[in-house]
Structures are given as structure tokens and as C-alpha cells.
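First comes the structure, then the notes that go with it.
The values are calculated or read from the model by the stated rules, or taken from the named source; none is laboratory data. Quantities reported herein were computed from a predicted structural model and do not represent experimental measurements. In this analysis, Cβ positions are derived from the backbone assuming ideal geometry, glycine residues included, and neighbour counts consider all displayed protein chains.
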Amino acid sequence: MSAGSPNTTLSLRSRRLALAPWLFLTPAILMFVIYVIAPIFQSIWVSFYEWDGLGDKVWVGFANYIELVDDDRFYTSLKNNFIWLVLYMLAVPAGLFIALFLNQKVPGMRLYKSLFFFPFVISQVVVGLVFSWFYDPSNGIIALIFAIWDGSPPAILADERFVTYGIIAAGLWPQVAYCMILYLTGLNNVSPDQIEAGWLDGAKGWRMLWYVVLPQLRPATFIAVVVTVIGALRSFDLISIMTQGGPYGSSNVLAYYMFETALSEYGYRMGYGAAIAVVLFLIMMVYIMVFLRRMYVQEKEGG
Amino acid sequence: MFPRPIEKSSVAAQYAYRGALPIALIIWLLPLLAVVMTSFRSAGDINAGNYWGWPTEINVLENYWAVFNNSPMGVFILNSVKVTVPTILLTLTLSCLAGYALAVYKFRANLFLFFVFIAGNFVPFQILMVPVRDLSVSTGLYDTVTGLVLFHAAFQTGFCTLFMRNFIRALPFELIESARIEGVGEFKIFWHLAMPLVRPAIAALAVLEFTFIWNDYFWATVLVNGQHAMPITAGLKSLNGQWIAQWHLISAGSLMAAVPPVAMFFLMQKHFIAGLTLGATKG
């Protein structure tokens, strides 16, 4: 046995250990770069061109972004995104409310919980179709309610004043279900000792919820807020199904306006569409950074 | 337990609670119940405006048969299966490998790569739309099932890698260490030691991804044009244009689109919720 052999085996092993993760990672990195990372940069690059998707690209510098500043439809979409963001947040307390209502141990509770969760599992296309029909002024359920008092029902999806709120209400239905399931899981893990201590201290109802339970539900609240923000900014399916941004662009949001500009009968303006997408991306980046920061802190603490 | 267990309340309150449960459920699921009811109605009822009253006849078979016969619904469903199943297999393969690497090995770019996967998972689809569509057109994958599968698999790798990495991290690392000391090769450790232990994570991701991919509408619209490759979500939208106000058919079609993910959820409920609520309990 030579004295060098443990060293060579060690270095061979450490070299193998250094190479192995990259072999495991290569397929995923390759796919992710081709379909996710590179397209982000390509979109930013395309946003400086005028391009119909087929012919030659024409460099226009910041012209697309300058056009955005004067585009009323862009502002309408931005404003609607803001309304979405604010009202979508209702899903968080509503989800908590239903979770508290359902957090009991009576026979059949498991089934009740799953049935309450249903709206999240079905496609938004189906949700959009169902609510379009609900809102139909000639024979929807809204019409039925108004008929009780002989009133004429509002045409929610054809009225610029109501349309965005109508679509958000449809979107809230599955989103509340999502937040509910997050809170139900969170409530399962609330420490019984602290609740017991709360009882002994005379905390009840709201005070108990606010001072004892909610602090323990913080991780669930954080995830619920993150997924709700992402959901609000991603809103596309319901708008495409229910109104296609109408009437007169009044229910548009950035995600749908981008699609409409780049890929519909309104013209194939890829460059301008990409510029809208970049704005949406930057807004989303704020939230992504907040999320990553938290993950980073957790990683450092958890080791 | 919070709120206070109902068993500790008065008998009256307990009965009130048990009575309130089904009522709340019916109100909550009213949209779905209405769709189910409508899918049973006859065209006569629909034309007469009888949407909410008792149906004059139950036309279950007729309506569903009509949907299958007069529309390419069968093709749409088949396309959705052809997109969903290979996507799950591919994305799980990629993310098991990548998640394992990020969980087990220490190397400098580790945390950076992990964060890239997480961040990529949250980006708005629109920032990817133009280049991905362009790439699909230039490689001949536009308007094909394969094109959809490749994109979905790549994009979902972000979320699945995050999930896998955290799951594998929680496994006892000593197992891997001792296998290494025994001289077992790295890939063998991954395959024979780690993979059997991550089965619950694979199950959770498989059901979650099934619903995500099955319900996708955006990419089905952007990357597919013809009915031959169209998944059910985009197909339903196109049928909605043809069947104006024929709500009994639209309802029946909607239910066909909704049943597979709902069934998946019911069969694998525990795994589904475990996957969805990742991170909602600790941290």
C-alpha cells in the first residue's frame, strides 16, 4: 500500500462529488433556460422593436414605452389591475372565516372541507362560463333576484361601471377556497397549549383570534397573500372567457391587453405587447423579491 | 383547537351548527349545482326560459350524447390527456434530479440556482409569450401537443424543483453519508436510496400538476390553433362561441372538463392538500 493512495481516492471522490450535482441538474437547467429564463430577456429585447411576428424587426428604441405613456387603454388596464389586487385580497380574510367555520370535529367534516374546496380544482374557463351565465340579464340568477321586485336587472358584463367587479367576484370564488385550505392546514398546527393558556388568561373570541391564533397562522397568511397577489396579477382566463376585455376595453388588465395587442385580430404588434409584458413583469418582480427575501432569511436560519 | 370545539357548547348550538353546514355548502356550491341541473335540462326548457325551476324532463343522456356527437369534445379530452400525462412524467423526472442535486450537494451556485427556479415559477406568462411562441413556430412545434408538453414541463420544473428540494432536505442526510462511505455510486444512491423515500412527494406533485396542466387555458390558446391539438379548456371556449345560449350543452361540456381534476382531487386528497399547503405551516 503506497502512502499516496488514500489521497488519490479522496481527490477522485471529491471530484466526483463536485461533478455529480451538475449531471443531475443539467436537464432541468437546460429546459428552464430555453423556455423560461431566455424568453424573459428576449421579451425585453423585442420590446425595443416594432415587429408583426413574421417580417423583419425594426429597431424603434424606447418608442413602444413612450407610446404606453399616452395609451388610455394601458391606463385602464393598469387601473383594473390595481382594483383586482385590492379586492382580491378579500380572499384572505374570507378564506380564514370559512376555515374557522369549518374547523370543528363533527361527523362528515372531512367531506364538507373537500366540497368547500371544489371551486379551486375546476378550470377557470368553467368558472368564467358559469358566472357569465349567472350575470346574463335575461335569464341569469341576478335577473331572477331582480324579478322578485319587478326591477330590471343590470347587464353586469356589458356595463362599464360593473364589469370589472363582476369578473373579480367570479375570481374570488376559487381564490377564497384556496386561502381556506391554507388556513385549515394552519389551524391544524396551532399549538393547543397556547390556546389553553389563552383561555386561562380570559381571552375569548376576537381577542383570542387576534392575539393568540393569528400570530401562529402567520406562515399561512404569508402564503395566502403571496398566491393571491400572484393570482390577481395573472388574471387572464376569466377576462378572456367573460368579456375579452370589453365593453370598450373597460375590463382589460395588463395580462389580457398584452395578449390582445400581440396576438389577436387587433393586430400583431409583438414589440408593443412585449413592452406591456415588461411592465407587468416589473410589477410582479416587486412581489417576487419580497418572497425570495423571506425564503433567503428562512434558509439562513434553517441552515 | 380554535374556535372552541362545538361539543363544548349547548345542545341547541350543536344542532344549529349541524344545520348551518349543509345550508352554507349549498350556497357556496350554488354555481356548480346550477351547472349540473342545467346539463340535465332539455332544449325546450332552455328556450322557454326555465333555467331555475324544476326541469320538465331529465335529458342527461341526450345532452351528453349531443356534446360528444356534435362537437370534437372527444378529441379535446384526448388532447388534454396527451398533454397532461407526458408533462407530469417529464417534469417529475427533471425536478427529482434537480431537487436532489440542490438538496444533497454543497456547491457555490446552489442557493442561486434554487432561487432562479423559484423566481421563474412566479413570472407572468405574458413575458414568455412572444419568444416561446416564436420558438415553437421556428422548431415546427407550434400547434402540436408536443410543443405544449415541452413548455409546460419546463415551466413547471420551477415549482416541482422547489418542492422536491425541500422534501429531500428534510430526509435524514446520514443515510446518504453512510452509503457514500460504503462506496455506493452517486446515481445509485439517488435511485435506490432517495427515490423510494420521496414517493409521497412524487404523488403530491403528480396530482397538483395534473390539475394545473389540465386547467391551463393561456398556453392552450397561445401555442395551439387547430382543433387537432386543442386541449379541453380552449376547446370549451371555442364551443361556447358556437353554442350561443345553448346553456344545456355548455353546462354538459363544462362538467366534462371539470370531472377529471375533481376526480383526481378526491382520489388523492391527502397528497393534493399536502402539496398545496407546502410552507403554510412552518417558517
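If we keep just the residues of segment A:237-273 that are hydrophobic (A, V, I, L, M, F, W, C), buried (at least 24 other Cβ atoms within 10 Å of the Cβ) and in contact with a Lys or Arg (Cβ under 8 Å, 6 or more places away or on another chain), which is nearest to A:Leu172 (Cα to Cα)?
Looking at the filtered set, the residue picked out is A:Ile241.
If a residue counts only when it is modelled with pLDDT of 95 or more and more than 15 Å from A:Ile241 (Cβ to Cβ), which helices (runs of 4 or more DSSP H) contained entirely in segment A:69-169 have at least 2 such residues?
A:72-88, A:91-102
It is to be established whether one or more residues within segment A:159-169 are farther than 18 Å from B:Val35 by Cβ, within 10 Å of chain B (Cβ to nearest Cβ) and among the basic types (Lys, Arg).
No, the conditions are met nowhere in segment A:159-169.
May I ask you to say which residue of B:Leu94, B:Leu78, B:Leu89 is buried (at least 20 other Cβ atoms within 10 Å of the Cβ) and modelled with pLDDT of 90 or more?
B:Leu94
Out of all the residues in segment B:232-277, which are surrounded by fewer than 16 Cβ atoms within 10 Å (Cβ to Cβ) and aliphatic (A, V, I, L, M)?
Correct list: B:Ile244, B:Ala245, B:Val259, B:Ala263, B:Leu267.
Considering only residues of segment A:104-151 that are closer than 30 Å to B:Phe218 by Cβ, among the hydrophobic types (A, V, I, L, M, F, W, C) and touching an Asp or Glu at 6+ places or on another chain (Cβ under 9 Å), which is nearest to the other protein chains (Cβ to nearest Cβ)?
That would be A:Val125.
Those residues that are within 7 Å of chain B (Cβ to nearest Cβ) and either part of a loop (DSSP other than H, G, I, E, B) or without any contact (Cβ under 8 Å) to a residue 24 or more places away in the chain (or both), I need them from segment A:260-299; list them, please.
Within segment A:260-299, A:Leu263, A:Gly273, A:Ile288, A:Leu292, A:Met295, A:Gln298, A:Glu299 qualify.
With respect to B:Leu25, determine if the residue is in contact with a helix residue (DSSP H, G or I) (Cβ under 8 Å, 6 or more places away or on another chain), within 10 Å of chain A (Cβ to nearest Cβ) and aliphatic (A, V, I, L, M).
yes
Determine whether A:Leu233 is part of a helix (DSSP H, G or I), aliphatic (A, V, I, L, M) and without any contact (Cβ under 8 Å) to a residue 12 or more places away in the chain.
It is false that A:Leu233 is part of a helix (DSSP H, G or I), aliphatic (A, V, I, L, M) and without any contact (Cβ under 8 Å) to a residue 12 or more places away in the chain.
Could you tell me which of the residues A:Val86, A:Val92, A:Val121 is surrounded by 18 or more Cβ atoms within 10 Å (Cβ to Cβ), without any contact (Cβ under 8 Å) to a residue 60 or more places away in the chain and at negative phi?
Answer to the selection: A:Val121.
B:Arg4 - would you say it is closer than 30 Å to A:Leu214 by Cα, among the basic types (Lys, Arg) and either within 11 Å of another protein chain (Cβ to nearest Cβ) or buried (at least 17 other Cβ atoms within 10 Å of the Cβ) (or both)?
yes
Limited to segment B:28-44, what total is found for residues that are within 11 Å of chain A (Cβ to nearest Cβ) and not aromatic (Phe, Trp, Tyr)?
Total satisfying the criteria: 9.
Which residues, counting only those in segment B:214-272, are polar (S, T, N, Q), assigned to a helix (DSSP H, G or I) and closer than 28 Å to B:Glu62 by Cβ?
B:Gln227, B:Thr233, B:Ser238, B:Asn240, B:Gln242, B:Ser251, B:Ser254
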